[in-house]
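Nothing in this text is a laboratory measurement; each read-out follows from the coordinates by a stated rule. Keep in mind that what you see is a predicted model, and the values were worked out from it rather than measured. Backbone-built Cβ (ideal geometry, glycine too); neighbour counts: all protein chains shown.
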Amino acid sequence: MMPNAIQDRRGLLLGLFSAALALCAADATAQSTPATAFERSPEARAIAEKLRDMAPTTSPDGSIRVAGESLDALDRMELLRFVADVRTRFELLADAKFQGRNYGIAVLVPKADEDRPASISRKLVPPPADEPGATALPAIRISVANLAKLDPRDLACSICDGLLRMKVIEAAGGGTALQPPPRWFAEGLGHYLETARRQDDAEAVLDLWQQAALQPLGRLAASHSPYASADRRVAAQLAAYWLDFPERGARLDRLCRALASGEPWSPALFAETSSGSVDLVEADKDFDRWLLVRRHSVLTPGVTRREFVVRAWRSLLLFPGEDRVPSEIPAGSPPSLLLERQDEAWVPDSARAKAQKLMVLAAGRGPAFQTAAAAWAAFFDGVARGERPSKLASALLRAETLLRDSATPAEAP
């Protein structure tokens, strides 16, 4: 005969299971069998409700599942929609499909711990081998700790990384020699999904390039690139460059097949599957040319980004060899030096060059920057025409104030 302790435990478990079924069943079933005293108790209802809260919310096609005891039904649905939206936008961006039995996404949100920071862990369950009886389904399993503290962009990047890696696994067809794509490449693609940030990112990276602080493509696109890994803006521009060539979907397939065959990621593979160049020196030059026209390709008419205002101020500084500035002028001298040396022969030509450069930069920008650019143009024009120093000093002060006011206080020049 079974011991009493085991019998009691078995009876308790059966009672819990019966309570959960009683709450979730249809009305007809609920009425057909009288509930026991335990099934009617508050404890049983609380346990059943907890079990129901832990049940996953699934997309209509079954490809996305979201679960978490700390999430209510509305939270689970919003998270499911977010995952579906990221996947859809990633498909449009890469011109590729990330749906089907090999791309299931399961997101689990454990109970929040306020003492822990937000974090994401991801596990890939590859497609099963072609063996009789293999029943495991492939999935991208993502666990999110402290969802309320998480930056949604981190989750978007993790989803893109999982989808891209699963595409390589799918291309391998069960092979074991595959090489993973670098994390920064997937994060760059994920970061680039956010269209509102594209102009800020492009101008920030272009500013690095103009300061000679951006490494050559051969270093930027390395598998363990410290530059792209540490700065998602750099990673996003590398991803944007890779995407900017025709037939991106076919090129992504070619890239994944190469990695699936065991070819390790390299700057040469990055260049070959983007621009088609097999010469890294030429590829680096092409990337530089692409960066120079990048500002215009992502320009939002009527909008002036903070980074651009700072870069515009730097363009006003005097450097030997630029804008007719002679070699004896200290690099980075302020434009007020033109007023101090107004009688020197090089000053009128330099002032006209500065005015022309700033007006080109002002094209399509916001009204505040347009007004500031016009004030600077008036100052430079007065310098070129030899107006009185007192009048030029007032014009310079007005131009500096307008430009400073067109940026936030933290980033004003």
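State, to one decimal in nm, how far the label point of Arg254 lies from the label point of Asp85, with both points 7 Å from Cα in the Cβ direction.
3.4
As a test of understanding, state the convex hull volume per residue of the stretch 144-223 from its alpha carbons, in Å³. Working shown, then result.
Values: hull volume 10.3 nm³, N = 80.
Cα convex hull per residue, to the nearest whole number: 128 Å³.
Considering amide H positions built from the backbone, and no H for Pro or chain starts, which residues 5 or more places from Ile105, or on another chain, come under 5 Å of its amide H?
For Ile105, the qualifying residues are Ile64, Arg65, Ile140.
Rank by packing, highest mean first: peptides 318-328, 200-210, with packing defined as the count of other Cβ atoms within 10 Å averaged across residues. Spell out each step's value before the answer.
Details: 318-328: 14.4, 200-210: 19.6.
Descending packing order for the listed peptides: 200-210, 318-328.
Working out 0.36 nm times the residue gap between Ser59 and Met359, then minus their Cα-Cα distance, what length gain in nm do you get to one decimal?
On the way: separation 300, 0.36 × 300 = 108.00 nm, distance 5.19 nm.
Result: 102.8 nm gained on full extension.
Under a Cβ-only charge scheme (Lys and Arg +1, Asp and Glu -1), can you give me the dipole magnitude of the stretch 56-171 about the Cα centre, in debye to the nearest 20? Before the final figure, lay out each step's value.
Details: 16 positive and 17 negative charges, 35 e Å.
The calculated dipole for the stretch 56-171 is roughly 160 debye.
Search the structure for amide H atoms under 5 Å from the amide H of Leu318, placed 1.01 Å from N in the peptide plane, and list their residues when 5 or more places away or on another chain.
Gly332, Ser333
What percent do you get for the relative contact order of the stretch 306-405 when only Cα pairs under 8 Å and 6+ apart count?
Numbers: 113 pairs, mean separation 25.0, N = 100.
So the answer I get is 25 percent.
Can you tell me the order of 277-285, 386-394 when each peptide is scored by its average per-residue count of other Cβ atoms within 10 angstrom, highest first? Walk me through the numbers before you get to the answer.
Values: 277-285: 15.3, 386-394: 13.1.
Listed from highest to lowest mean packing, they are 277-285, 386-394.
Between Leu74 and Thr401, what is the label-to-label distance in nm when each label sits 7 Å out along the Cα-to-Cβ direction?
Going from the Leu74 label point to the Thr401 one covers 4.9 nm.
For Gly68, which sequence-distant residues (separation of 5 or more, or a different chain) have an amide H within less than 5 Å of its own amide H, given hydrogens modelled in the peptide plane?
So Gly68 has HN proximity to Val109.
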